[in-house]
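The values are calculated or read from the model by the stated rules, or taken from the named source; none is laboratory data. It should be emphasised that the depicted structure is a prediction, and the values quoted were computed from it without experimental measurement. A quick note on method: Cβ atoms are made from the backbone with ideal geometry, for glycine too, and the neighbour counts reach across all protein chains shown.
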Amino acid sequence: MKTMISDKTDSSSDKNTKKAKNKVLGHLLSLFFGILLGGLLCLLLVVAARHMGLISFGEADSFYDTAVSYYSEQFGDAASAQSQDPPSFARFYTRAADTSILNSDVSLDLERILQENVLLEGEGSEDADTADSDAADSESATASLAKEITGKKIRPASKLQESCTLDGISRDFTDLTVNPSSPAAIQLDTATSRLYQRVYLIFALTADSDGTLTVSQNSDMVYQIPFTAGEKKNVQIAISISSDSVNFSCEKESCRITDLALLGSVKTISAYTGAQIAFDENTEKDQISGTVTTENAGFLFLPIPYSKNVKAYVDGIKTDVLRADACFVCVPVGSGEHTFAFYRK
């Protein structure tokens, strides 16, 4: 009798345990599916909000918010990026050059290079300025496109380096130590500088603490150059040939300036500038559109930061967006009048 009661008690206990386990399992499954459903709902809301432009995941408010800072970081004042007015940035090129020129270890006339060429990633040819029909096997898709559009191969870095290396003007400068309480300056020989079309100042910058060096000539030409403790930074900036001095100052930390030199370019800019570029007035912040009219085929360049999210259309047809000048965009355009539109998705 006792054995039967014990068996019944054990059986009842097992049933209660199973019920408890099933109940806990049911709660866990409900919680899991609740979290999954909530996550999917949140994802849908985020996608909808981004599509409506309510959130941007840290992207710039417009195409042009970061263009000036990108240009300054890549080229200093070489491209004269002083304004955020879109038309002042847009350019049209009938020649392309290999972007590897930016890695050159010699001082180059960056303004001339950027005025005359759109810099694309692709293999160049030693006979870059001729329309040779025999393309090299190593030619990239971008290089092939450049030749198809302009009739010319991408100009290799070696060709640009030969024609755009700067002449030495003066190296008769003493090293400088710039303190927050003691700014420094160098005097320029304006008579000599005016013999050149463009003049660049180069120097090496070192410091024991992080800070920022301000280089200025007037209110229109001011550079803010950050420096890092223990690192040597080689700087090349374009300067005005109408001013007789260059001023250096630091707000907080001290720095040392060595190897000062002036370099000049006597070459004239011979870029094709006949293209007319007009922008639509009612452009939304995540798109820009307009019309380009040109006698020759080439590349329409805009200082929109390159991203896979940037889409382009020419005459309403989706067009491949090429990386230009290391960090911006351009699209191939044929001769004649064409509409263009860039969108950031």
Report task. Please verify whether the stretch 244-261 includes one or more residues that are modelled with pLDDT of 85 or more, within 20 Å of Gln187 (Cα to Cα), assigned to a loop (DSSP other than H, G, I, E, B) and more than 27 Å from the chain's Cα centre (by Cα). Result -> yes
Query raised in the report: Among the numbered criteria (1) assigned to a strand (DSSP E or B); (2) modelled with pLDDT of 85 or more; (3) not basic (Lys, Arg), which single criterion is violated by Asn296?
Result: (1)
Report task. Pairs only if they're at least six apart or on different chains, beta carbon under 8 angstrom, first in the stretch 224-235 and among the hydroxyl-bearing types (Ser, Thr, Tyr), second exposed (fewer than 15 other Cβ atoms within 10 Å of the Cβ); list them, first residue then second. Result -> Thr228/Asp210
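Taking the conditions exactly as written (touching an Asp or Glu at 6+ places or on another chain (Cβ under 7 Å), closer than 20 Å to Thr174 by Cβ and surrounded by 14 or more Cβ atoms within 10 Å (Cβ to Cβ)), does Leu263 satisfy them or not? Outline the logic, then answer.
Details: touching an Asp or Glu at 6+ places or on another chain (Cβ under 7 Å): yes; closer than 20 Å to Thr174 by Cβ: yes; surrounded by 14 or more Cβ atoms within 10 Å (Cβ to Cβ): yes.
For Leu263, the condition - touching an Asp or Glu at 6+ places or on another chain (Cβ under 7 Å), closer than 20 Å to Thr174 by Cβ and surrounded by 14 or more Cβ atoms within 10 Å (Cβ to Cβ) - is met.
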Query raised in the report: Among the candidates Leu201, Leu213, Leu195, Leu166, which residue alone is of a type in the set (A, V, I, L, M, F, W, C), modelled with pLDDT of 85 or more, out of contact with any Ser or Thr (no Cβ under 8 Å at 6 or more places or on another chain) and within 25 Å of Ser104 (Cβ to Cβ)?
Result: Leu201
Query raised in the report: Which of the residues that make up the stretch 288-310 are surrounded by fewer than 15 Cβ atoms within 10 Å (Cβ to Cβ) and touching a Phe, Trp or Tyr at 6+ places or on another chain (Cβ under 8 Å)?
Result: Thr291
